[in-house]
Amino acid sequence: MTTSALVSQRLINQKLASSNFKKPVEVVRWLGAVQAQDFGAAKWALGMRMLTATDAVIEKAFNEGQILRTHVMRPTWHFVAPEDIRWLLQLTGPRVKAKCGSYFRKLELDDALFKRTNRVLTKALSGGKYLTRAALQKLLNKAPVDANDPIRLSHIFLRAELDQVVCSGPRVGKQFTYALFDERVPATKPLDRDEALAKLALRYFTSHGPATLQDFVWWSGLTVADAQLSIALAGRRLEKVLINNKGYWIAPGVKQNQPLYSAHLLPAFDEYTVAYKDREDFVEQRSMTKMGLLGPLIVTGGHLAGTWDKKSGRITIQPLRTLTKSDKTAISAAVARYENFLGSSMQQKYEK
């Protein structure tokens, strides 16, 4: 397989070239988890991978609990499907807790205190209540737990998510709420650890492959040993291919729909970029920093073509290479998709 074929296969597997998904949860379930600390960007990441989608449709799905948002795998928010949240947290939660251990100690947060804060949150949210962070902060302070430091408060909620005490509730206007985990999440059959490891590897390499072992380690937050075990447990459902003398894993036989889109306005932290440790396969320009490659990008044919941003009803496009006429036509089509998603028209401007 060539680098060009790798990029084409990722576009297919990530459902960017085309998609028949009609519901946001179908995208989330397919990808396994979708990084979502930037909520607006994450909604567009789902919208791009659906047959048709609007911001309002994805907002509604989130508010109804069809997709959930919690800390899982790496210490950041992800969208996850309700039927996946329990086994994902069971598998990756201990690893995230270990990574956060030094922060917990620095903030004087220990297991005894987390038991207290979890009890306060459980009591406050029981009975189907959805409360904002500010409302819960007041209740924690009354407990009394010192929750005035926003960083300390964030880590209290982070631990409650990892402990399966709380998860996302519906938004109230632009504000997020928390819900009691067991009231928001349907009961599911538990997976043993080997089953969960195999399932995670299959989800990742089916939807993100071709990808390397180190890519999977980065995305999942697993140790190298556990990532290797995951691949071994998946067995013949995964196959290894060599690209430029480097080993990549892929799930064979992913259905290829007729490609519809050749250009994409990727949001910040999109799975097409953030899900890989090595992001050079789609980059021809070497001037971008690692953080720059996690920002809003334009790709044509799966390769980096520029950056973009939206301000005051205008999309500004900054090319990183010379764009052909067909590139610009494809980018205009990508902008039109984004306009349809938002339900508003915007001016389009190119900057040199």
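The values are calculated or read from the model by the stated rules, or taken from the named source; none is laboratory data. Values in this document were obtained by computation on a predicted structure and should not be read as measured data. So basically every Cβ, Gly included, is an ideal-geometry build from the backbone, and we count neighbours across all protein chains shown.
Right, Thr329: under 24 Å from Ser4 (Cα atoms) and among the hydroxyl-bearing types (Ser, Thr, Tyr) or not? Taking the combined requirement at face value, the residue satisfies it.
Which members of segment 334-349 meet the condition of being in contact with a strand residue (DSSP E or B) (Cβ under 7 Å, 6 or more places away or on another chain), of a type outside the set (Lys, Arg) and surrounded by fewer than 14 Cβ atoms within 10 Å (Cβ to Cβ)? Result: Gln347, single match. So for segment 154-168 (the condition being modelled with pLDDT under 95 and out of contact with any strand residue (DSSP E or B) (no Cβ under 7 Å at 6 or more places or on another chain)), does at least one residue qualify? No, because not a single residue in segment 154-168 is modelled with pLDDT under 95 and out of contact with any strand residue (DSSP E or B) (no Cβ under 7 Å at 6 or more places or on another chain).
Inside segment 96-130, residues that are within 24 Å of Arg184 (Cα to Cα) and either touching a residue at least 60 places away in the same chain (Cβ under 8 Å) or not assigned by TED's automatic domain parsing to the domain that holds Leu140 (or both) make up a count of 2. Considering only residues that are in contact with a Ser or Thr (Cβ under 8 Å, 6 or more places away or on another chain) and under 16 Å from Phe341 (Cβ atoms), look in segment 37-49 and name the one that is surrounded by the most Cβ atoms within 10 Å (Cβ to Cβ). The extreme case among them is Arg49.
Across segment 100-148, the number of residues qualifying as closer than 12 Å to Arg159 by Cβ, of a type outside the set (A, V, I, L, M, F, W, C) and under 29 Å from the mean Cα position of the chain (by Cα) comes to 7.
For segment 1-57, what are the residues that are aliphatic (A, V, I, L, M), assigned to a loop (DSSP other than H, G, I, E, B) and farther than 26 Å from Cys167 by Cα? Those that are aliphatic (A, V, I, L, M), assigned to a loop (DSSP other than H, G, I, E, B) and farther than 26 Å from Cys167 by Cα: Met1, Leu16, Ala17, Leu51.
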